[in-house]
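First up is the structure itself, then whatever we jot down about it.
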Amino acid sequence: ANGYYNSVWVKCIWSSHDLSDMVLIDNYIFNKDVVVQFNSTVGEFVGYTELGVKNAEAWNKDPNLLQQERAQVDAYCKHNAEIDQSTITDKS
C-alpha cells in the first residue's frame, strides 16, 4: 500500500460500424499519472513527465516498437470490436 503504482491502460475508441475511425490509446501510468502515451492517430509515443519524455524519445527511435504499436489497432482493437459488434448484432 505504501509502494509505487505502475500500470498500462489500453483503450480502443471508435464510433462507426465500419471501424475506419478506430483509435488506439496506450497509456503508461506511474502513481496514477500518465507518463507516456501512444496514440495511433499521432503514430508515436508522447511523454508527459521528464522521465516520460526521455522514454518516448528512446521508444520513438525503435522502428520495430513503433510498428508493433501501430499494428495493435488491427490486431487488438479492430479484432475485439468485430467480436463485440457481432455479439450485439446476433442478439438483436
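Under the 0.36 nm per residue contour assumption, what length would be gained going from the current alpha-carbon distance of Val34 and Val53 to full extension? Write down the numbers at each step before the final one.
On the way: separation 19, 0.36 × 19 = 6.84 nm, distance 1.14 nm.
Fully extending the segment from Val34 to Val53 adds 5.7 nm.
Rounded to the nearest 500, what is the 222 nm mean residue ellipticity of the chain from helices alone, with -39500 (n - 2.57) per DSSP H run of 4+ residues and division by all residues? The partial results should precede the final answer.
Working: 3 runs with 34 residues, N = 92.
Taking each H run of at least 4 residues, the total per residue is -11500 deg cm²/dmol.
Tell me the carbon and sulfur percent of the accessible area for the chain, rounded to whole percent, probe radius 1.4 Å. Mind dumping the intermediate values first?
Details: 3420 of 6520 Å².
The value for the chain is 52 percent carbon and sulfur by accessible area.
Would you please report the Å³ per residue occupied by the convex hull of the alpha carbon atoms in the chain?
Working: hull volume 10.9 nm³, N = 92.
Once divided by residue count, the hull of the chain is 118 Å³.
Using 7 Å Cα-to-Cβ label points, what is the Glu44/Asp21 separation (nm, one decimal)?
2.7
The values are calculated or read from the model by the stated rules, or taken from the named source; none is laboratory data. Just so it is clear, the structure is predicted and the values come from calculations on it, not from any experiment. Methodologically, a virtual Cβ is constructed for each residue, glycine included, from the backbone with ideal geometry; neighbour enumeration extends over all protein chains shown. The area values use the complete protein model at the heavy-atom level, side chains included, leaving out ligands, DNA and RNA. Shrake-Rupley method; radii C 1.70, N 1.55, O 1.52, S 1.80 Å.
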